[in-house]
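A quick write-up on the structure given underneath.
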């Protein structure tokens, strides 16, 4: 009986030692896993926002009121900015884009100071690019058509190919393009196509 009791006590001691060891290992490893997950979450939250097509950027150029305003990132991921024209914005953080913009502006301004913030709201404008008198972004108005926007942009440049105007539009998340002949529109052979907010009109250069 005494031998059995001693063997039983030895077994219990061994069992409790193993249990204590398992609990200790669990307590030491849990904070490490928790900390790693916390750091991963903090890293995700710390990632700066990347500019996307459709974003509206409030750009303030110090002492340059004519350059300051709200600019929209077009479907191609670019911003049309006075003096410098098109500048790539998609995929850059606000700070990265600010540095790019200031770098380009240094060709025209002495030590430009720029502040940029992202504003809410969907695209409500249309971009007109290529061979027109005044390239730029124009406010969308219900009933807007291709020829009205061309007129608002000052009309065609002398080098414009009026028969191959491209209307670029996002449809179900995909970029589509339609070729329009403005000569046929003027002659009444085609209807003046209606435009939508976010459309991009591109007038190519004539090869002849």
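The values are calculated or read from the model by the stated rules, or taken from the named source; none is laboratory data. None of the values given here were measured: they were computed from a predicted structure. Glycine gets a Cβ as well: all are built from the backbone with ideal geometry, and neighbour counts include every protein chain shown.
Filter the range 61-80 down to the residues that are crowded, with 16+ Cβ neighbours inside 10 Å and outside any loop (DSSP other than H, G, I, E, B) and list them by number. Selection gives 61, 71, 72, 78, 79, 80.
Got at least one residue in the range 168-175 being outside any strand (DSSP E or B), at pLDDT 90 or above and not assigned by TED's automatic domain parsing to the domain that holds residue 79?
no
Looking only at the range 156-166, count how many residues are surrounded by fewer than 14 Cβ atoms within 10 Å (Cβ to Cβ) and either farther than 11 Å from residue 182 by Cβ or not assigned by TED's automatic domain parsing to the domain that holds residue 179 (or both).
Residues that pass the stated criteria total 2.
When you go through (1) closer than 30 Å to residue 206 by Cβ; (2) assigned by TED's automatic domain parsing to the domain that holds residue 191 one by one for residue 142, which number turns out not to apply? It fails just one condition, (1).
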